[in-house]
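Participant: Structure incoming, see below.
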Amino acid sequence: MNAVALGSDENLRAETTWFHVFRSMFSSRDAARMGPYAVTVYLVIKAHANFNTGNSFPSIDVIADETGISRSQVIRVLKVLETFGYLKRTRAGRKNEYRLREQVSIRDGSGRQAAVATWDYLPTTVQAAMADLKNLILSGDFSGSRVVHIERLQINVTQAAGDVITINSGDFDGLPREMREALLSLHTKLVRSEAAEEVVHSSD
């Protein structure tokens, strides 16, 4: 057996580039709802993202080859990633251009999701985005963000008649039972509070 001096062979290379994935994708159950194919495609697109611009241009064939998923399945799960807000896809000439979106859940003291922080994935600004997010949470001032956009969890609730409540939210059914109950309880309190205010104002 001949010994090989690794430092002397210019043909030897190692791919040491890395990227992160936020745990929130899994703890929010988004990964479970999207399915393993979508997560794998997301990872491949992220692996091809330009460090300075965040743009990613892998072809459907490259994504299929590197994930081991069929072309038709790749096309389907790209739509899933767009629906869940993790991907923006545009045409750049004859190529697809992908921009990934980061999503991190912000939870209250009871562990319930209170808001979602989102921003365009850009490797060079990951640390700035994390600092921005931490500062937002510590200060409670959601208006001074430079990178991160905060979306409050909004459930539109309408009192229809009697005990019937109509809730207009595509995400409501996907929320944990405890959170749904908490939102309904909050709505009841708000309705009672508004009714009490109306009584006070009408007596003025």
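Participant: How about the stretch 1-102: which helices (runs of 4 or more DSSP H) wholly inside it have at least 3 residues that are among the charged types (D, E, K, R) and assigned by TED's automatic domain parsing to the domain that holds Val148? Reasoning before the result, please.
Facilitator: Details: elements: 24-27, 30-34, 36-47, 60-67, 71-83.
Helices (runs of 4 or more DSSP H) meeting the threshold: 60-67, 71-83.
Participant: Now a separate question. Being hydroxyl-bearing (Ser, Thr, Tyr) and buried (at least 17 other Cβ atoms within 10 Å of the Cβ) is the filter; apply it to the stretch 97-117 and report the residue that is farthest from Asn55 (Cα to Cα).
Facilitator: First pass over the stretch 97-117, keeping only residues hydroxyl-bearing (Ser, Thr, Tyr): 98, 105, 110.
Of the ones still in play, those that are also buried (at least 17 other Cβ atoms within 10 Å of the Cβ) are 98, 105.
On the way: Tyr98: 6, Ser105: 24 Å.
Here the residue is Ser105.
Participant: Check the stretch 31-43 and report whether any residue there is among the polar types (S, T, N, Q) and at pLDDT 95 or above. Outline the logic, then answer.
Facilitator: Of the residues in the stretch 31-43, the ones among the polar types (S, T, N, Q) are 40.
Restricting the remaining residues to those that are at pLDDT 95 or above gives 40.
Yes; the residues of the stretch 31-43 include at least one that is among the polar types (S, T, N, Q) and at pLDDT 95 or above.
The values are calculated or read from the model by the stated rules, or taken from the named source; none is laboratory data. Please read all numbers here as calculations on a predicted model, not as lab measurements. In this analysis, Cβ positions are derived from the backbone assuming ideal geometry, glycine residues included, and neighbour counts consider all displayed protein chains.
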